[in-house]
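K.L.:
One structure follows; several queries about it will come next.
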Ligand SMILES: Cc1ncc(COP(=O)(O)O)c(C=O)c1O
């Protein structure tokens, strides 16, 4: 269906402008239109409304709309056609829906920029803003270490040197069931599969979707681990843009109607990389959209405990009617003990058998000793100690980093401070080639995650994720200064002057 032809200007183009947020009106208009184009609600060659008409409808200055259009043009999403006005470009760099089977030609260049930035993080004298997980001493690692020592030297040690069922050790399934109950998720131990981290939980669900056929919805941008899992499962992906309140549900609805995907993958709390959290009303709507259109949901909830501001929002899996609809995936590395490679998946009962078969075919079971130690860790309440320690350590570091960034970053860079998690998403209100990022970062001795790593197809705008999990407090000021200098350098090298009108 050609929405641009059949839908009125008000329905398609009018973003709900929020005049109370720090995000400029121009940016809100640009982001809204980019989302429409990337999701194909505005198909190639669709006309955009005349600048004055849209400005009048939105009650904004025509210059604001003109600037938003100009930025879309710089990003390659629209083109001016003289008297015929502005139209969506016919050959665009980034479109959804798309299949990951046919990756774009520039994939190697894009991947290598991200990979080189991660490699840079290990180089001497480089401050790495890449660790999206805590340092051992700031986590539950000391308590976990004690649990392992007790188990291996205790009288029942031999119990942990044997094979267990694929779902995991019963004591850990029970501990997980009790743990999720404390955040409102009712799940009996028999529906818990213990996995090798959140990543394996994600991978198992995607593999089982592949067996049943059909595409998946994924956020744009999204955690690169989920993009990799989609890619390796060879699944068709429909990207839905993420705004300040998470996945754009209007666009999701039209993708559900038009494409009928089987699964919606969503990281609703402290979304990696943008940091956004989907509010409770939108979570309810998301659940009801999935039910209405016969789709399942994969909820990737990587670190809900790491909340620094505001109230906890219930997980999708905790909402009424979620039990037969939502796969809930979590790892223990972000909020409890990094590096132990354990996590879990809560599975709707009708999907349990195939998921257990997939887990068995992946690795038979997760390691018995680690599972035993983790069950003990939970039984002793160490998970609460770990969360308290993390929040005490990281809340001041996050404040320190935000203050330092406010002093050091060039004005063109926007910081999106999330209510929780160990990362910040930075966007730039100018276009610049991602390939330049590495040189600027290397030149100033700082590493971070290039935004492009989080997109299935090249993004229209330049963005980066900085993480402060592994940065010692005494390096934060220096890290912010180096980052500011490298981005200033980038701006000077790539954009000599501000965007023309
Ligand atoms: C959003 C998100 N989901 C899942 C994972 C995977 O985590 P794990 O280490 O538990 O496999 C990560 C790790 O960075 C993540 O950021």
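Every number in this text was worked out from the coordinates using simple rules, so none of it is lab data. From a predicted model like this one, the values you see are computed outputs, not experimental measurements. Reconstructed Cβ throughout: ideal geometry from the backbone, glycine too, with neighbour counts over all protein chains shown.
K.L.:
Could you put 57, 370 in order, starting from the residue whose Cβ has the fewest other Cβ atoms within 10 Å? Walk me through the intermediate numbers first.
P.N.:
Details: 57 14, 370 23.
Placing the least packed residue first, the sequence is 57, 370.
K.L.:
Could you tell me the extents of the stretch 240-290's C-alpha atoms along the three principal axes, largest first, rounded to whole Å?
P.N.:
Principal-axis extents of the stretch 240-290 (Cα, largest first): 28, 20, 16 Å.
K.L.:
With contacts defined as alpha carbon pairs under 8 Å and 6 or more residues apart, what's the relative contact order of the stretch 290-389 in percent? Walk me through the numbers before you get to the answer.
P.N.:
Numbers: 93 pairs, mean separation 23.2, N = 100.
So the answer I get is 23 percent.
K.L.:
What is the packing order of peptides 205-217, 346-358, taking the mean over residues of other C-beta atoms within 10 Å and listing the highest first?
P.N.:
Working: 205-217: 19.2, 346-358: 17.2.
In decreasing order of mean packing, 205-217, 346-358 become 205-217, 346-358.
K.L.:
Continuing with this model, one more query. Tell me, what is the percent relative contact order of the chain, built from C-alpha pairs under 8 Å that lie six or more residues apart?
P.N.:
Values: 942 pairs, mean separation 109.2, N = 501.
In percent, rounded to a whole number, it is 22.
K.L.:
Next question, about the same structure. Averaging sequence separations of C-alpha pairs under 8 Å and six or more residues apart, then dividing by the length of the stretch 219-309, give the relative contact order as a whole percent. If you can, show how the numbers build up before the last one.
P.N.:
Values: 100 pairs, mean separation 26.7, N = 91.
Across the stretch 219-309, relative contact order equals 29 percent.
K.L.:
Divide by every residue of the chain the summed helix terms, -39500 (n - 2.57) for each DSSP H run of at least 4, and state the resulting mean residue ellipticity at 222 nm, rounded to the nearest 500 deg cm²/dmol. Could you put the intermediate results ahead of the total?
P.N.:
Values: 17 runs with 213 residues, N = 501.
Computed ellipticity for the chain at 222 nm equals -13500 deg cm²/dmol.
K.L.:
PRE reach from residue 352 (point 7 Å along Cα→Cβ): which of the stretch 303-329 fall under 20 Å by backbone N?
P.N.:
The answer is 317-319, 321-329.
K.L.:
I'd like the distance separating the alpha-carbon centroids of the stretch 198-234 and the stretch 316-360, in whole Å.
P.N.:
Between the Cα centre of the stretch 198-234 and that of the stretch 316-360, the gap is 14 Å.
K.L.:
Let me ask another. Would you calculate the separation in nanometres between label points at residue 415 and residue 61, each defined as 7 Å from the Cα along the Cα-to-beta-carbon direction?
P.N.:
2.7
K.L.:
Okay, moving on. What is the fewest-to-most order of 486, 282 by other Cβ atoms lying within 10 Å of their Cβ?
P.N.:
On the way: 486 23, 282 17.
Arranged by neighbour count, lowest to highest, 486, 282 become 282, 486.
K.L.:
Peptides 409-415, 128-134: what's the order by average Cβ count within 10 Å, highest mean first? Don't jump to the answer; show the numbers that get you there.
P.N.:
Numbers: 409-415: 16.3, 128-134: 22.7.
So the peptides 409-415, 128-134, ranked by packing, come out 128-134, 409-415.
K.L.:
Let me ask another. Quick one: work out the % antiparallel among DSSP beta bridges in the chain, nearest 5. Show your work: numbers first, answer last.
P.N.:
On the way: 28 of 45 bridges.
Looking only at bridges with both residues in the chain, the antiparallel portion is about 60 percent.
K.L.:
If we count other beta carbons within 10 Å of each Cβ, what is the order of 203, 363, fewest first?
P.N.:
Values: 203 25, 363 12.
Least to most surrounded, the residues fall as 363, 203.
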